[in-house]
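Structure record follows, encoded as structure tokens.
The values are calculated or read from the model by the stated rules, or taken from the named source; none is laboratory data. Note that the coordinates shown come from a computational prediction; the quantities given were computed from them, not determined experimentally. In this analysis, Cβ positions are derived from the backbone assuming ideal geometry, glycine residues included, and neighbour counts consider all displayed protein chains. These area figures cover heavy atoms from the full protein model, side chains too; ligands, DNA and RNA do not enter into them. Shrake-Rupley method; radii C 1.70, N 1.55, O 1.52, S 1.80 Å.
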Amino acid sequence: MPKEEKEFGGTPGAIGLMIFSHFVPFYFALSLRYSSGGLYCPSSFDEFIENFKETCSPTWSAFFLYTGFCFLQLIFAATLPGLVIKGLPVPTENNRQYTYNCNALSSWYVTLVLVAILHVTGLVRLTILADQFGSVLCVAVICSDILSIIIHFYALQTKQTCRMTHSPIYDFFMGVWLNPRIRILGQDVDLKMLAEVRLSWLLLFLLIVSAAVKQYEAFHTVTWPMTLILTAQLLYINACMKGEECIPTTWDIFYEKWGWMLIYWNLAGVPFVYAFQAYYILVNSLRTQKPTEGVSMTLIIVCFTVLFFAYYIWDSSQAQKNRFRMKQRGTYVPRNAFPQVPWNTLENPKYLKTECGSTLLIDGWWKYCRKPHYTADICMATCWALSCHQWPGLLPYFYPAFFTGMIIHRYTRDIARCKAKYGKDWTIYCKHVPYAFIPGLI
């Protein structure tokens, strides 16, 4: 077996990323509380500690709120009906094919109904997430770190490891367990897919809805910038849920191990960092008591236009590629989950047959560039940041900058893997599709 190549700069890079990943969400929480989303610069270390205690101390209510949400999603994953899909053969496990009960859409709808009932009855009001943002964040970080340690040592103890470098910190960061599963109520639940599809994006949506409800309760209106963020997240998260059956064959599930990097970012990083724009709008509208002042409707209209077009490309391009692959394997099952955008399934598409037996799609959106969904993703992320234009600042643009860097890094990983896998066929493919992100440019 070939030696596992180290990424992210090896052990030093892994340590740096773990420190940075803990710093960012807490810095954002403190920024929102004490600088209205601007740069937070405490005058002393004692002041920082005092602010941290006041804003981010874990509470029992935050603990039960976060763990209750996670446990509920675990129960839903084990019990609700869904489409059963087989994953790709796993080379490190004698080409075993795992099955996945893709019921995220059912979980999504049931969660929305349950949350609405809890809010309307007053049992658990949605605004509790906005009120306890820092505390729930702290609980999420602690839980993700503890879970990472448990998963790592359990995999080592039970010898469910693969592609280890035997650099302890780096292996902890990247993970050693490829297919972490737990059996609950007679059903195997894939923890990696649960965290990636549901825990991260569902919690993010609830955090943003909480901010929108908080704004409505304060001003009896939800502003256009907040509506833009809410719409963007609703489209994105609904797409993840309705297309879950395409995820078991993706790189994240098939190849990426479930280590600290994926656990932390899915359970804590994604929901609390990606929610920043909504809370930036909320805290500044509360600070100024003028939620609509300074809103550029021209920019809002442009952002909505770009958002919808980018979403269409993002959704349809991924549907084209994943359905093409599923048809090739004979596993394609038509679904009518809302919305089904036009041109999401290609009939008799053109493709290249490679010597290794795989096929490379050169039709649909994929004849124009190699990563159309990455470009669309970056456009949507930029719209999120521009929604904060009422109160100019730097931090709202962290997400699109961070996301673009992550996408470029992921692209370089993809290219290296494809060159190694396809050899001269990859060169031929690049002649057919010469551009990576934007046709005619790059």
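Would you mind checking Lys350/Lys371; Lys6/Lys419; Lys6/Lys242; Lys214/Lys290; Lys257/Lys419; Lys367/Lys424 for any pair whose Cα atoms are more than 25 angstrom apart?
Working: Lys350/Lys371 17 Å; Lys6/Lys419 17 Å; Lys6/Lys242 34 Å; Lys214/Lys290 15 Å; Lys257/Lys419 21 Å; Lys367/Lys424 19 Å.
Where the Cα-Cα span goes over 25 Å, the pairs concerned are Lys6/Lys242.
Of all alpha-carbon pairs in the stretch 97-167, indicate the percentage at a distance above 21 angstrom. Please report the intermediate quantities before stating the final value.
Values: 1497 of 2485 pairs.
In whole percent, the long-distance tail amounts to 60.
Run the accessible area of the stretch 296-441 with a 1.4 Å probe and give the carbon-and-sulfur part as a rounded percent.
63 percent
From the backbone phi of the stretch 364-377, what are the Karplus-calculated ³J(HN,Hα) couplings (6.51 cos²θ - 1.76 cosθ + 1.60, θ = phi - 60°) in whole Hz, Gly and Pro given as x?
For the stretch 364-377, the Karplus curve yields x, 5, 7, 8, 8, 7, 7, 9, x, 6, 5, 4, 5, 4 Hz.
What's the magnitude of the charge dipole for the stretch 110-183 around its Cα centre, counting Lys and Arg as +1 and Asp and Glu as -1 at the beta-carbon? Answer in Debye, nearest 20. Mind dumping the intermediate values first?
Details: 5 positive and 3 negative charges, 66 e Å.
That gives the stretch 110-183 a dipole magnitude of about 320 debye.
Please list, in order along the stretch 100-109, the HN-Hα scalar couplings obtained from phi with the Karplus expression 6.51 cos²θ - 1.76 cosθ + 1.60 (θ = phi - 60°), rounded to whole Hz, x for Gly and Pro.
10, 8, 7, 10, 4, 5, 4, 4, 4, 5
Using DSSP loop states and a limit of at most 12 other Cβ atoms within 10 Å to flag GluC sites (Glu not before Pro), what is the longest stretch of the chain containing no flagged site? Numbers along the way, then the final one.
Working: sites that count: Glu5, Glu293, Glu347, Glu355.
Formally, the longest exposed-site-free interval is 6-292.
Label points 7 Å out from Cα along the Cβ direction at Thr227 and Ile15: separation in nm?
About 5.1 nm separates the two model spin labels.
Can you check what the net charge comes to around Lys424, using other residues whose Cβ is under 14 Å from the Cβ of Lys424 (Lys, Arg +1; Asp, Glu -1)? Could you put the intermediate results ahead of the total?
On the way: positive: Lys353, Lys419, Lys421, Lys431; negative: Glu355, Asp425.
Residues near Lys424 contribute +2 overall.
How high is the relative contact order of the stretch 162-289? Use alpha-carbon pairs under 8 Å, at least six apart in sequence, and give a whole percent. Intermediate values should be presented prior to the final figure.
On the way: 127 pairs, mean separation 52.3, N = 128.
Reported as a whole number, the value is 41 percent.
Whose amide H sits under 5 Å from the amide H of Ser296, counting only residues 5 or more places off or on another chain, with H placed in the peptide plane?
Sorted by chain and number, the residues that satisfy this come to none at all.
With θ set to phi - 60°, apply the Karplus curve 6.51 cos²θ - 1.76 cosθ + 1.60 along the stretch 212-221 and write out the HN-Hα couplings as whole Hz, x wherever there is a Gly or Pro.
Computed from phi, the couplings for the stretch 212-221 are 5, 5, 4, 5, 5, 5, 7, 10, 6, 7 Hz.
If the stretch 143-214 were replaced by its equivalent ellipsoid, with semi-axes equal to the square roots of 5 times the Cα gyration tensor eigenvalues, what would those be, largest first, whole Å? Don't jump to the answer; show the numbers that get you there.
Details: eigenvalues 168, 54, 18 Å².
The equivalent ellipsoid of the stretch 143-214 has semi-axes of 29, 16, 9 Å.
Around Cys102, which amide H atoms from residues at least 5 apart in sequence, or from another chain, sit under 5 Å from its own amide H, with H modelled in the peptide plane?
Under 5 Å from the amide H of Cys102 lie the amide H atoms of Leu83, Val84, Ile85, each far enough along the sequence or on another chain.
What number comes out for accessible area per residue over the chain if the probe is 1.4 Å? Units Å², please.
Values: 20040 Å² over 442 residues.
Computed with neighbouring chains in place, this is 45 Å² per residue.
Could you work out the Rg to Rh ratio of the chain, with Rh taken as the Kirkwood radius (inverse of the mean 1/r over all Cα pairs)? Numbers along the way, then the final one.
On the way: Rg = 22.0 Å, Rh = 23.1 Å.
Using only Cα positions, Rg/Rh for the chain is 0.95.
Ignoring any ligand, DNA or RNA, what whole percent of the accessible area of the stretch 30-119 comes from carbon and sulfur when the probe is 1.4 angstrom?
Values: 3140 of 4820 Å².
Answer for the stretch 30-119 is 65 percent, counting heavy atoms of protein chains only.
5 Å is the cut-off here: which amide hydrogens, built 1.01 Å from N in the peptide plane, fall below it relative to Leu126, excluding neighbours closer than 5 in sequence?
When sequence neighbours closer than 5 places are left aside, there are no close amide H contacts.
What relative contact order, as a whole-number percentage, does the chain give when Cα pairs under 8 Å and 6 or more residues apart are counted?
Values: 565 pairs, mean separation 74.0, N = 442.
Worked out over the chain, it gives 17 percent.
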